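Participant: I'd like to ask some things about the structure below.
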Amino acid sequence: MRKTPSGLEFQTAPGNAEKAFAFLVLLLSLGAFMNLTVTGPGWTQNTGMLGMQILWSFLYVITLVLFFRHCDKPVRTLFIVFPLITVLGFAFASVFWSQDPGLSLRRATALGLSLVFGVYLASRFSQKEQFRLLAWAFGVCIVFSFFFELLGLNPSQGYPGWYGVFDIKNELGQAMVLSALVFLFWKKVEPQHKALAQTGLLASVLLLGLSRGMTAVVVFVVLMVLLPYLRWTLRKSRRGVVGGITFLLGAGVLSVFYMATHLEDVTSLLGKDPDLTGRVPLWIVVTVMALQRPWLGYGFNAFWLPDQAYTSRIWRLLTWTPPQAHNGILELWLELGVIGTGLFFLVFAYYVAKALSFSRQNPGPDSTWPLAFLIFLFLANLTTAFFLQGNNIYFILYVALATTMYRKGRETLAAQRLTTAGQSHV
């Protein structure tokens, strides 16, 4: 048994089998290789694929066994992420007003088990080990994405751009943005793997361009501009940090205002039509539907149900069949209403504040990783929706960074207390 300065007790370091298991879960949570089976028999919008449900159930049983076996105080450890547990609790509570209580319960359970895996990942593996596991997972996606495209193994859906090992090109682009971030930070955390990390970074950027997912490209560019600015700002005094963040928020508001008033010019520059490939009409319709049940929503994951009459009407009106609102905020509003959406963003703002504080208090090369990931999470959800999605790497990493920030914060505090105590005895 080894005890960290934060007071949490764990067994000895994870072995190769445990590392392989964590790698497998991360790879599957990326949605990789789903393009081979997503259109096969047995799949529907509200039931999913039976085979994948069985596989995830098996993986979560192993997760629970490993978590309770290696953690001395599992319940206490889970409550490290109590703010996220409150959001999870609201998702479970939506069962009582959901249009499909069984579906909401099943999806909320998957979200809860994803939370457990996120806590387990950050509790059992150091930040370096997490980056290494993520690098392996994204490395597999990169290699096979080139392999699938160059050999024509990925069935095209008629849209320009590469799909790789994903079902749609936007998923490839989105994954490659995160992949680039992972390799960028891994290069700094473990310089001995610099050449491998740089190769992964360049391959990620290349696949991002080949996907022709302009939203992902914009997110990547914004992140590459923001990160150096934030590192520079967070090294300043508290007043300098407040001024720098205020300037950044002001610039963001002005940018949004400019894009809203010059939408046609902006979309033309990005090679898009003014309605953002049907997203603007979708957002208008979704807003109208959300206003029908504004406070509590339709239930967690219980709006886009094919057997609902309004769903068919929406799809006929839009002349395509969106399975989500293509905006994380609107999707939350549909599912959990104003109350649930407000709760989610209250917790999100809390972790952004924690990430800012974490970046200032920890001088290590990975200190800005939580902030970088949270910015990515918010920006990516402006045109798609995965804020709260079970069996999903983005939610798993959200939980993992929340756990990591808590543990490192406790360890830093414990070290400071030891230093103070040592000085008082001198």
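Participant: So which residues in region 330-354 are out of contact with any Leu (no Cβ under 8 Å at 6 or more places or on another chain) and closer than 17 Å to THR383 by Cβ, if there are any at all?
Facilitator: Within region 330-354, LEU330, GLU331, TRP333, LEU334 meet the criteria.
Participant: I'd like to check something: does region 237-247 contain any residue that is hydroxyl-bearing (Ser, Thr, Tyr) and either within 21 Å of GLN127 (Cα to Cα) or touching a residue at least 40 places away in the same chain (Cβ under 8 Å) (or both)?
Facilitator: Step one: of region 237-247, the residues hydroxyl-bearing (Ser, Thr, Tyr) are 237, 246.
Still in the list and also either within 21 Å of GLN127 (Cα to Cα) or touching a residue at least 40 places away in the same chain (Cβ under 8 Å) (or both): none.
Within region 237-247 (the criterion being hydroxyl-bearing (Ser, Thr, Tyr) and either within 21 Å of GLN127 (Cα to Cα) or touching a residue at least 40 places away in the same chain (Cβ under 8 Å) (or both)), the answer is no, since none of the residues qualifies.
Participant: Something else: If only one of ALA355, ALA385, ALA372, ALA400 is part of a loop (DSSP other than H, G, I, E, B) and touching a helix residue (DSSP H, G or I) at 6+ places or on another chain (Cβ under 9 Å), which one is it?
Facilitator: Of the residues listed, the single one that is part of a loop (DSSP other than H, G, I, E, B) and touching a helix residue (DSSP H, G or I) at 6+ places or on another chain (Cβ under 9 Å) is ALA385.
Participant: Condition first: among the β-branched types (Val, Ile, Thr) and either surrounded by 12 or more Cβ atoms within 10 Å (Cβ to Cβ) or touching a residue at least 40 places away in the same chain (Cβ under 8 Å) (or both). Now tell me which residues in region 224-236 satisfy that. Walk me through it before giving the result.
Facilitator: Initially, region 224-236 is screened for residues among the β-branched types (Val, Ile, Thr), giving 225, 233.
Within region 224-236, just THR233 meets the criteria.
Participant: Identify, from the list GLU171, GLU190, the residue that is among the acidic types (Asp, Glu) and surrounded by fewer than 19 Cβ atoms within 10 Å (Cβ to Cβ).
Facilitator: Selected residue: GLU190, the only one of GLU171, GLU190 that is among the acidic types (Asp, Glu) and surrounded by fewer than 19 Cβ atoms within 10 Å (Cβ to Cβ).
Participant: Just for region 92-143: of the residues that are among the hydroxyl-bearing types (Ser, Thr, Tyr) and surrounded by fewer than 19 Cβ atoms within 10 Å (Cβ to Cβ), which one is nearest to SER204 (Cα to Cα)?
Facilitator: Among residues in region 92-143 that are among the hydroxyl-bearing types (Ser, Thr, Tyr) and surrounded by fewer than 19 Cβ atoms within 10 Å (Cβ to Cβ), the one nearest to SER204 (Cα to Cα) is SER126.
For (1) in a loop (DSSP other than H, G, I, E, B); (2) crowded, with 17+ Cβ neighbours inside 10 Å, each residue gets a yes or a no:
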position: LEU254; (1), (2): no, no
position: MET259; (1), (2): no, no
position: ASP273; (1), (2): yes, no
position: LEU282; (1), (2): no, yes
position: THR287; (1), (2): no, no
position: GLY297; (1), (2): yes, yes
position: ASN301; (1), (2): yes, yes
position: TRP304; (1), (2): yes, yes
position: TYR310; (1), (2): no, no
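Participant: Restricting to region 200-218, name every residue that is surrounded by fewer than 18 Cβ atoms within 10 Å (Cβ to Cβ) and either touching a strand residue (DSSP E or B) at 6+ places or on another chain (Cβ under 6 Å) or without any contact (Cβ under 8 Å) to a residue 40 or more places away in the chain (or both).
Facilitator: Across region 200-218, the qualifying residues are LEU202, LEU206, GLY209.
Participant: List the helices (runs of 4 or more DSSP H) inside region 55-157, counting only whole elements, that have at least 3 residues being over 20 Å from LEU24 (Cβ atoms) and aromatic (Phe, Trp, Tyr).
Facilitator: Passing ranges, in order: 82-93.
The numbers here are math on the coordinates, done by the rules we state, and not lab data. Predicted model, so just to flag it, every value in this text is computed and none were measured. Here Cβ is always computed from backbone atoms with ideal geometry, including for glycine, and neighbour counts include all displayed protein chains.
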